[in-house]
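One structure is given below, represented as structure tokens, and several questions about it will come after.
Just so it is clear, none of the values below were taken in a lab; they were calculated from the coordinates. The model shown is predicted, which means the values in this text are computed figures rather than measured ones. Quick reminder, even Gly has a Cβ in these numbers, built from the backbone with ideal geometry, and neighbours come from all protein chains shown.
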Amino acid sequence: MEKTTLYYQESPGIKVSIQIYFNEKKQLSLDGYDIGSAVKESLGDSDYEYIHTIEPEEVEKFYPIFNLPMDDKVGLLAAIKKEFSVPNAYTLFGEFMKTHDIKYTSFTWI
């Protein structure tokens, strides 16, 4: 399945790309990558990567929240895009999952 872009920005000091997709293990992944001089000034390194990974059994919890048929992956990606197409999608999506008791793992790399 193709990746769905939640947010993309490119300007002189920063490039931000945040995508959501189902990986080969049927996990839902939201990953992002920030790069540029603004990132270096803020974090001390020129790039920052971050990812939330949700196991298939936890993904099932999203469907009733978004009022979607079970396993409607295309619909789920579209619903998440509609809700989280903002620069701080990673943070907001994590908060959303905590609020709805959806277990996930996170990884960041600077």
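What value, in deg cm²/dmol to 500, does the helix sum -39500 (n - 2.57) over DSSP H runs of n ≥ 4 give at 222 nm once divided by the residues of the chain? If you can, show how the numbers build up before the last one.
Numbers: 5 runs with 38 residues, N = 110.
After summing the helix terms and dividing by the residues of the chain, the value is -9000 deg cm²/dmol.
Turning to a different aspect of this structure: Can you report the principal axis dimensions of the chain using only the alpha carbons, biggest first, rounded to whole angstrom?
Here the spans come out as 44, 26, 22 Å, largest first.
Please compute the modelled spin-label separation between residue 8 and residue 33, points set 7 Å along Cα→Cβ, answer in nm with one decimal.
The modelled label-to-label distance comes out at 1.3 nm.
Can I ask one more? With +1 on the Cβ of every Lys and Arg and -1 on the Cβ of every Asp and Glu, and nothing else charged, how large is the dipole of the chain about its Cα centre, in debye rounded to the nearest 20?
160
OK, next. Run the numbers for residue 25 and residue 107: contour at 0.36 nm per residue of separation, minus the present Cα-Cα distance, in nm.
27.8 nm
What's the longest piece of the chain with no exposed trypsin sites (Lys or Arg not before Pro), counting a site as exposed if DSSP puts it in a loop and it has at most 14 other beta carbons within 10 Å?
Values: sites that count: 3, 25, 26, 61, 103.
It works out to 62-102.
Gap in Å between the Cα centre of the range 70-106 and the Cα centre of the range 27-56?
Cα centres, the range 27-56 to the range 70-106: 16 Å.
Now a separate question. Once you have the Cα-Cα distance between residue 41 and residue 70, take 0.36 nm times their residue separation minus that, and quote the gain in nm to one decimal. Don't jump to the answer; show the numbers that get you there.
Working: separation 29, 0.36 × 29 = 10.44 nm, distance 4.39 nm.
This chain segment gains 6.0 nm when fully extended.
If you don't mind, another one. Along its principal axes, what span do the Cα atoms of the range 12-52 show, with the longest given first and each in whole Å?
Taking max minus min along each principal axis of the Cα atoms, the range 12-52 gives 36, 18, 11 Å.
Work from the charge dipole of the chain (Cβ charges, +1 for Lys and Arg, -1 for Asp and Glu, about the Cα centre) and give the residue of 17, 46, 108 farthest towards its positive end.
17
Would you kindly derive the ³J(HN,Hα) couplings of the range 6-13 from the backbone phi angles with the Karplus curve 6.51 cos²θ - 1.76 cosθ + 1.60 (θ = phi - 60°), listing them in order in whole Hz, with x for Gly and Pro?
Using θ = phi - 60°, the values come out as 8, 8, 9, 9, 9, 9, x, x Hz.
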